[in-house]
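The values are calculated or read from the model by the stated rules, or taken from the named source; none is laboratory data. Since we're looking at a predicted model, the values are computed, not measured. All Cβ positions, even for glycine, are placed from backbone atoms using ideal geometry, and neighbour counts span all protein chains on display. Note: accessible area is taken over every heavy atom of the protein model, side chains too, but ligands, DNA and RNA are not part of it. Shrake-Rupley method; radii C 1.70, N 1.55, O 1.52, S 1.80 Å.
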Amino acid sequence: LNWKDRAAEGLNELGLVKALRDNLEVQYGDVGLGSSLLSLQVKWYSPFSRLGVVRCDREACKQVCSSIAQLKDINFRRVVVEPLHICGTMQACQRHAQRLNTVDLKSLLPHQRQAAALLDERLRNMEL
């Protein structure tokens, strides 16, 4: 997630999945939303590295990816979202996310360092 103004620390997995659901409904209507709704999950999100892991069914993958790419705002804030990688398994996605999840901890405030370390630990111990 590339925020146009500043990173949103208050955003979490629930806020992201709500934005994705809303965008799926706008782009594909009730039928498109219903077909991907059961499998759509945001498994992990870090506001510090601006990286997230989204899980969906193989059948809904194209709809979800295009909906992610067309997402323009979250909580009334402009954002550019780019799907970086599509994996077949959660283990492969977890490994790829760990490689991409780079945060310079020295540039963060002390409470942010602790939160970033907890998010990193959650990524390593993600329930597959």
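Contact map, the range 21-36: residues that are within 16 Å of Asp57 (Cα to Cα) paired with residues that are β-branched (Val, Ile, Thr) and part of a helix (DSSP H, G or I), Cβ distance under 8 Å, separation 6+ or inter-chain. Pairs shown: Leu24/Val64; Ser36/Val64. Number of residues in the range 68-114 that are under 22 Å from Asn23 (Cβ atoms), touching a His at 6+ places or on another chain (Cβ under 7 Å) and either open to solvent by less than 80 Å² (accessible area, probe 1.4 Å) or among the β-branched types (Val, Ile, Thr) (or both): the value is 1.
Residues that are aromatic (Phe, Trp, Tyr) and open to solvent by less than 40 Å² (accessible area, probe 1.4 Å) were ranked within the range 10-54; the one that is nearest to Ala116 (Cα to Cα) is Tyr45. Taking the criterion of being without any contact (Cβ under 8 Å) to a residue 24 or more places away in the chain and hydrophobic (A, V, I, L, M, F, W, C), the residues of the range 47-83 that qualify are Cys56, Cys65, Ala69, Phe76. In the range 75-97, is there at least one residue being small (Gly, Ala, Ser), within 14 Å of the chain's Cα centre (by Cα) and over 23 Å from Gly29 (Cα atoms)? Yes, the range 75-97 has at least one match. Which one is nearest to Arg99 (Cα to Cα) among residues in the range 37-46 that are touching a residue at least 24 places away in the same chain (Cβ under 8 Å) and not hydroxyl-bearing (Ser, Thr, Tyr)? Only one residue tops the list, namely Trp44. Only one entry in Phe48, Phe76 is among the aromatic types (Phe, Trp, Tyr) and over 25 Å from Glu121 (Cβ atoms), namely Phe76. Can you tell me which residues in the range 55-67 are over 27 Å from Ala115 (Cα atoms) and open to solvent by 20 Å² or more (accessible area, probe 1.4 Å)? Scanning the range 55-67 gives Asp57, Arg58, Glu59, Cys61, Lys62, Gln63, Cys65, Ser66.
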